[in-house]
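Undergrad: Submitted below is the structure of interest, expressed as structure tokens.
The values are calculated or read from the model by the stated rules, or taken from the named source; none is laboratory data. Note that the structure is predicted; figures quoted are calculated from it, not measured. Because the Cβ atoms are built from the backbone with ideal geometry, glycine has one as well, and the counts that use them run over all protein chains shown. The protein model used for the area step is the full one, side chains on, heavy atoms only, and it has no ligands, DNA or RNA in it. Shrake-Rupley method; radii C 1.70, N 1.55, O 1.52, S 1.80 Å.
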Amino acid sequence: MRWMRAAGRGLLAAAVIVAGYTGFSAGAVSPQPPGAAHAAGRGPLTLATAGDLTGYLGPLLDDWNRVRPAERVTLVELPDSADETRAQMISELRAGSDRFDLLNIDVAWTSEFAAAGWIAPLQGERFPLDAFLPPVVDTATFDGRLYAVPYVTNAGLLYYRKDILEREGEPPPRTWAELARLARTLAPKYGMDGYAGQFLPYEGLTVNATEAVHSAGGSILVDDGSRVAVDSEAARSGLGFLADGVREGWISPDALAYKEEESRRAFQDGRLLFLRNWPYVHSLASVPGSPVAGKFDAVPLPGPSGPGTSVLGGSNLAVSSHSRHPESAADLIAYLTSDRVQRQVLTEGSLPPVRADLYEDPALVRAYPYLPTLKQSVLSAQPRPKSARYDQVSLAVQAVVQDVMALRHSPDEAATRLARELAAISRAD
């Protein structure tokens, strides 16, 4: 369960879509006789994805292939690593290859792929965007146009040891000050570390830092990446929250080497009082035999004076500009975002769906009690910085925040340095 799955991976990057939502019944595959799919823009598809770790996707595509044999989908699973998946996709797209039709891309890649001309703009009215959680649609746009369709979403949650807080008569924290106080005082009392997120220098650190800046009311980039906004008091406050945790000891030095799974194991093993992580943790920490099963709960991330702001995770389905069968690809996207399939994305794939009504379904809420909290977090979440050079932006954020959390630079120095580096990246566009 590496970064892409934790962040909402269902990365279905593969064949792509461009147009046609024609003749498609959401929730069912429209049957077609053999040989009927060779009209313009129709035919076999290739769906590229970062490894399907739960194995749910194959059966979904089997249903499609059974009734649409002339538009059969071949699944290509790329490496689990987000960086390797991105690199392989870009290699094919830069070469003008039509190997992939539908690309299931990390939400943070939409701007980069759109700006490079690798994915085609879509007509929003052809997809059920009104049925989606509103913030997820923003991750699929760039420069005012729709370039993808949301497939799965995600938002960070604050996991906490409910048994310990109840024993101490404390409610879960809603503010940074409450989190710091409880992590600083209660964790040592129970022989635990206080708080952890994903603080190793990789994409997870970009996410954690962006959440801190957004929660404080700041931004890193605005106007689709054309303006640098990180040199602000709000950004300094967000970086200061992370630096204070290390300086005051409620963020352990061990946490500076955590990615999703290291931090999840620390919490699940009973070594951590508070954890920022994705919804997938809930199911794993609740399995029989887990040391914390029945002893924890989750709430929205805290902020300076109340609930904070999560970063939106997840993946979007985008149409390759080189796809020979965009009409078939469009139908496949409609199928994968239909109500029936989105339910299976949750129940079989353990991935948060993009359809809003599923978060209020009584049967699903009984099976996945974190859904109402997750919906609240998604509705208040914001995308990562949009940029045509997102990979460089993320690396700059990681390097600067690593120095802040290592106490080598103050938040003031870090905000100034990051603004300078991001401005240089923007000028290179």
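Undergrad: With charges only on Cβ, +1 for K and R and -1 for D and E, what is the dipole size of region 361-429 about its Cα centre, in debye, rounded to 20?
TA: It comes to approximately 140 debye.
Undergrad: Starting from the Cα-Cα distance between Arg427 and Arg145, subtract it from 0.36 nm times their residue separation and give me the gain in nm to one decimal.
TA: Numbers: separation 282, 0.36 × 282 = 101.52 nm, distance 2.27 nm.
That pair, Arg427 and Arg145, stretches by 99.2 nm at full extension.
Undergrad: Give me the extension gain from Glu84 to Glu262: residue separation times 0.36 nm, minus the current Cα-Cα distance, reported in nm with one decimal. Mind dumping the intermediate values first?
TA: Numbers: separation 178, 0.36 × 178 = 64.08 nm, distance 2.05 nm.
Stretched fully, the Glu84-Glu262 segment lengthens by 62.0 nm.
Undergrad: Mind computing the radius of gyration and Dmax over the alpha-carbon atoms of region 248-319? Å is fine for both.
TA: That works out to 14.3, 48 Å for Rg and Dmax.
Undergrad: What is the diffusion coefficient of region 157-236 in µm²/s, taking the Kirkwood radius over Cα pairs and the Stokes-Einstein relation at 25 °C with a viscosity of 0.890 mPa s?
TA: Translational diffusion coefficient: 168 µm²/s.
Undergrad: Continuing with this model, one more query. Go ahead and set up a Gaussian network model of the chain, Cα springs under 10 Å, then flag whichever of Ser338, Ser323, Ser305 fluctuates most.
TA: Ser305
Undergrad: Now for a separate question. Under 14 Å from the Cα of Lys162, which aspartates and glutamates turn up, not counting those fewer than eight places away in the same chain?
TA: Glu170, Asp297
Undergrad: Follow-up question, since we're still on this one. From the alpha carbon gyration tensor of region 91-207, can you work out the equivalent ellipsoid semi-axes (sqrt of 5 times each eigenvalue) and give them in Å, largest to smallest?
TA: Values for region 91-207, descending: 42, 18, 11 Å.
Undergrad: At a 10 angstrom cut-off on C-beta neighbours, averaged per residue, how do the peptides 55-63, 122-130 rank from highest to lowest?
TA: Going by the mean number of other Cβ atoms within 10 Å, highest first, we get 122-130, 55-63.
Undergrad: So what's Rg/Rh here for the chain, counting alpha carbon atoms and using the Kirkwood radius for Rh?
TA: 0.98
Undergrad: Separate question: With point charges of +1 on the Cβ of Lys and Arg and -1 on the Cβ of Asp and Glu, referenced to the Cα centre of the chain, which listed residue (Ala212, Thr110, Tyr190) lies farthest in the positive direction of the dipole?
TA: Tyr190
Undergrad: Please name whichever of Ser394, Leu221, Pro304 sits farthest to the positive end of the charge dipole of the chain, dipole taken about the Cα centre and charges placed at Cβ: Lys and Arg +1, Asp and Glu -1.
TA: Pro304
Undergrad: I would also like to ask the following. Let me know the Rg and Dmax you get for region 260-387 when you use only its Cα atoms, in Å.
TA: Expressed in Å, the Cα Rg and Dmax of region 260-387 come to 17.2, 52.
Undergrad: Also: Accessible area per residue for the chain in Å², computed with a 1.4 Å probe and the full protein assembly in place, what is it?
TA: Each residue of the chain exposes 36 Å² on average to a 1.4 Å probe.
Undergrad: For region 372-427, what class follows from the C-alpha gyration tensor (a ≥ b ≥ c being the square roots of its eigenvalues): rounded when a/c is under 1.5, otherwise prolate if a/b is larger than b/c, else oblate?
TA: The shape class here is oblate.
Undergrad: Go through Lys295/Lys386; Lys259/Lys375; Lys259/Lys386 and tell me which ones have a Cα-Cα distance over 27 Å in this structure.
TA: Numbers: Lys295/Lys386 38 Å; Lys259/Lys375 24 Å; Lys259/Lys386 23 Å.
As for pairs spanning more than 27 Å Cα to Cα, those are Lys295/Lys386.
Undergrad: Which stretch or stretches of region 102-118 have amide N atoms under 13 Å from the point lying 7 Å from Arg227's Cα along the Cα→Cβ direction?
TA: none
Undergrad: Normalise the Debye intensity by I(0) for region 199-265, one equal point scatterer per Cα, no solvent, then take log10 at q = 0.13 Å⁻¹ and round to two decimals.
TA: Relative scattering, expressed as log10 I(q)/I(0), comes to -0.40.
Undergrad: Over all directions, how big on average is the projection of the convex hull of the alpha-carbon atoms in region 210-333, in square nanometres? The partial results should precede the final answer.
TA: Working: hull surface 47.8 nm².
Averaged projected hull area, Cα only: 11.9 nm².
Undergrad: Can you compute the helix-only [θ] at 222 nm over the chain? Use -39500 (n - 2.57) per DSSP H run of at least 4 residues, normalise by all residues, nearest 500 deg cm²/dmol.
TA: Estimated from H runs of four or more residues: -11500 deg cm²/dmol.
Undergrad: Distance from a point 7 Å along Cα→Cβ of Val76 to each backbone N in region 41-57: keep the residues under 11 Å and list them by number.
TA: 46-49, by backbone N distance to the label point.
Undergrad: Quick one: grab Rg to one decimal and Dmax as a whole number for region 31-146, Cα atoms only, in Å.
TA: 15.5, 40
Undergrad: Over the chain, with every protein chain in place, what whole percent of the accessible area is carbon and sulfur at 1.4 Å, could you tell me?
TA: It is 49 percent, rounded to a whole number.
Undergrad: Then there is this: Rounded to the nearest 20 debye, what is the charge dipole size of the chain about its Cα centre when +1 sits on each Lys and Arg Cβ and -1 on each Asp and Glu Cβ? Let's see the in-between values first.
TA: Values: 41 positive and 50 negative charges, 59 e Å.
The dipole magnitude comes to about 280 debye.
Undergrad: Follow-up. Under a plain spin-label model, where a point goes 7 Å from the Cα along Cα-to-Cβ, how far apart in nm are Ala399 and Asp339?
TA: Result for the modelled spin labels: 5.0 nm.
Undergrad: Here is a further query. Quick one: among Glu168, Glu260, Glu112, which has the greatest mean-square fluctuation in a GNM of the chain with alpha-carbon springs under 10 angstrom?
TA: Comparing Glu168, Glu260, Glu112 in the GNM, the peak value goes to Glu168.
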